[in-house]
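Student: Got a structure for you, questions after.
The values are calculated or read from the model by the stated rules, or taken from the named source; none is laboratory data. The model shown is predicted, which means the values in this text are computed figures rather than measured ones. Every residue, glycine among them, receives a Cβ derived from its backbone with ideal geometry; neighbour counts consider all protein chains shown.
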Protein chains: 2
Amino acid sequence: MSEKNSLQDAYKQTKFQVNGHGPRYIQVLKEAFDALDGQLESEMYGKGELIEAFQQNMARILGKEATVFFPSGTMAQQIAMRIWCDRKGVKKVAYHPLCHLEIHEENGLKELHQIESVLLAEKDRVIEFEDVASLSEDVSCVLLELPQREIGGQLPEYETLVKISDYCKEKGIKLHLDGARLFEILPYYEKTADEVCSLFDSVYISFYKGIGGIAGAILAGDQDFIEESKVWKRRHGGDLISLYPYYLSADYYFEQRSGKMGQYYDQARELASYYNECYGVSTLPEVPVSNMFHVHFAAPKEQMEQLLIETCQETGIGLSGHIREVTGTTSYFEVSIGDGYGIIPSEDLKAAIRLLDAKMKKSIR
Amino acid sequence: MSEKNSLQDAYKQTKFQVNGHGPRYIQVLKEAFDALDGQLESEMYGKGELIEAFQQNMARILGKEATVFFPSGTMAQQIAMRIWCDRKGVKKVAYHPLCHLEIHEENGLKELHQIESVLLAEKDRVIEFEDVASLSEDVSCVLLELPQREIGGQLPEYETLVKISDYCKEKGIKLHLDGARLFEILPYYEKTADEVCSLFDSVYISFYKGIGGIAGAILAGDQDFIEESKVWKRRHGGDLISLYPYYLSADYYFEQRSGKMGQYYDQARELASYYNECYGVSTLPEVPVSNMFHVHFAAPKEQMEQLLIETCQETGIGLSGHIREVTGTTSYFEVSIGDGYGIIPSEDLKAAIRLLDAKMKKSIR
């Protein structure tokens, strides 16, 4: 068994786990469906009362004319890019170097849509207004991911978003929001979802991050944009006869959790403050701006794996089931706060982090 | 409310319905999951014990090295075509004019993969050996759909399949099976699934036709072909974090129904014989070769709609919820036998068809 699996296993065997809403058991589906009448009827290829009601509700919340449910954000976002590129006749879009489309989709944007990417900003910081304003090539769309997941979930200032939005409008560039974690950032910005979305021409949101659903995404925009996206959805093989296992559970968990993002945000800041008191440990961002952040260690991955396994086993509290290499001598893991955090006895959690601190001091000093 | 909706509604309100396994209620999902332990763990992006066990089981049944579960057949088959075209360096595939890829996918094969189609045979008959042997252009792949759904589910002779398979091998053309209804044709051919699949380089099967699952598909082939398909699956946006709502229910209903295809086939022949005794009615094929067939009427769609609504209302038996125009004076509907047929009292069903016969005689003579 690999080291990675050992940490995963040790994490899974703990009584309490810091990340998310609990294990991704099939109980997540069963719970959502226990609450539903078995005689409700599936949609057929996107048509039906249940899916249309869900899509209309999401359109209202996001302040857009229309939305459509997709099996995945990968599909939804590539399609958004394709539509904007086709409309302008320019097969280029601009986004962050660590954008999901650039690093997690096997180059689907280029392989399926022949769209080139222009990378904005350096890898280790968010996109600023100047990055967009100094674009040397014409692009059809700028994509902003809020928060920027791969650098700990950082955010630009809200004013920056407004400036970028105004600039793109003026230049005839569409602005798309990768809002996989849109609801998670609203407490920091102190804005509603529709206020944020009003800055963007198209928006994607996910249901299995902070919301804790099973899978699936919503794409939102003007009516004609959404109608066009449905044609591409069929082309991609995403127009399933029945998507109800996803959107009905998305609806269920959205109702449960969209109002709890302020709590997760507060808890993320609390937990980050504990980590920042540890020896050789720092969080990115130092003060989280959503329910997520990264924890960086001044120790190599293999060493941290061992310390984290021990912490799991000695305290019954799982701080993380993963650890990734940054350089040969540093490593990090991602924290994402959900319902799991609140049920950990506060003193036990602090004790677990104190234990990690002691182990760090002993091992790497 | 449109006429079409009226027939659908009248059909839904009947006590007994001829087609399929009952309404597509969410109970279909609930039933499959009621049987499962809530603590079973979701796969993560295609990796996990449950999905791997399911894929291995399907590989064994289909007699292929490997399989991968896809959210849809649309996605699976485009990807199969893409891989075969990339390998040969020829962006052309050959299939029937009423192939799913040609008429139901918004031209995804061309729009996403730049693959051209060469149409084999006339629309109203199945592909014969001579159609393949007389191909005037080089293609990377020939796709056969068994049974040919859009013409009532017709089949070529098994010997024809063997000849086509041998010919394609000799010519360096890959042979792909659109086996959405593969299990449904095994009783007619008197072959096992792996015997049929051995004639093909790649195979797609569906879980929501005769099997009656919720959605989803399996693509089967050699190990390296399947590994390559997973990369494309991610590009298409089909590599969801969790597909378990589909493959776990597919597994459940496959176990229940894959052994009942002989019964459905017998029942389809029985029902077709009843229709062929009606005035102005004939089935295609005259004697079904699977659980499906088409029923053709010597009357226009609007008139048949009315007669079918009356039959629903007067007998409590739904013969079809749909009727489609063929020409301005003829129409048809599709029959697909599942568990629903067997629970209709035989005398009541015959009486319903006699009533339709009487109505036909009265209306169109």
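Student: A:Glu102 - would you say it is under 29 Å from B:Ile83 (Cβ atoms) and either without any contact (Cβ under 8 Å) to a residue 60 or more places away in the chain or of a type in the set (Phe, Trp, Tyr) (or both)?
Tutor: yes
Student: Report, by residue number, each residue of region B:71-87 that is hydrophobic (A, V, I, L, M, F, W, C), facing another protein chain (nearest Cβ under 10 Å) and farther than 14 Å from B:Glu227 by Cβ.
Tutor: B:Met75, B:Ala76
Student: Listed residues B:Val93, B:Val132, B:Val118; which is crowded, with 20+ Cβ neighbours inside 10 Å and more than 21 Å from B:Ile205 (Cα to Cα)?
Tutor: B:Val132
Student: Test B:Ala59 against the stated conditions and say whether it is farther than 23 Å from A:Leu248 by Cα and among the small types (Gly, Ala, Ser).
Tutor: Answer is yes for this residue.
Student: Within region B:315-349, how many residues are outside any loop (DSSP other than H, G, I, E, B), more than 25 Å from the chain's Cα centre (by Cα) and loosely packed, with under 13 Cβ neighbours inside 10 Å?
Tutor: Total meeting the criteria: 2.
Student: Return yes when B:Asp222 is of a type outside the set (A, V, I, L, M), more than 14 Å from chain A (Cβ to nearest Cβ) and closer than 30 Å to A:Leu101 by Cα and no when it is not.
Tutor: The answer is yes for B:Asp222.
Student: Next up: Cβ-Cβ distance below 7 Å, separation of 6 or more or different chains: which pairs start in region A:170-181 with a residue that is surrounded by fewer than 24 Cβ atoms within 10 Å (Cβ to Cβ) and end on one that is acidic (Asp, Glu)?
Tutor: Listed pairs, sorted by first residue: A:Leu175/A:Asp201.
Student: Follow-up question, since we're still on this one. Exactly one of these conditions fails for B:Asp86: (1) assigned by TED's automatic domain parsing to the domain that holds B:Gln223; (2) in a loop (DSSP other than H, G, I, E, B); (3) charged (D, E, K, R). Give me its number.
Tutor: Going through (1) assigned by TED's automatic domain parsing to the domain that holds B:Gln223; (2) in a loop (DSSP other than H, G, I, E, B); (3) charged (D, E, K, R) one by one, B:Asp86 breaks only (2).
Student: Something else now. Just to verify a result, which residue in region B:33-59, among those that are more than 10 Å from chain A (Cβ to nearest Cβ) and crowded, with 18+ Cβ neighbours inside 10 Å, is farthest from A:Gly213 (Cα to Cα)?
Tutor: Per the criteria, the residue is B:Ala59.
Student: Which one is surrounded by the fewest Cβ atoms within 10 Å (Cβ to Cβ), of the residues in region A:60-70 that are more than 12 Å from chain B (Cβ to nearest Cβ) and of a type outside the set (Lys, Arg)?
Tutor: Among them, the one singled out is A:Glu65.
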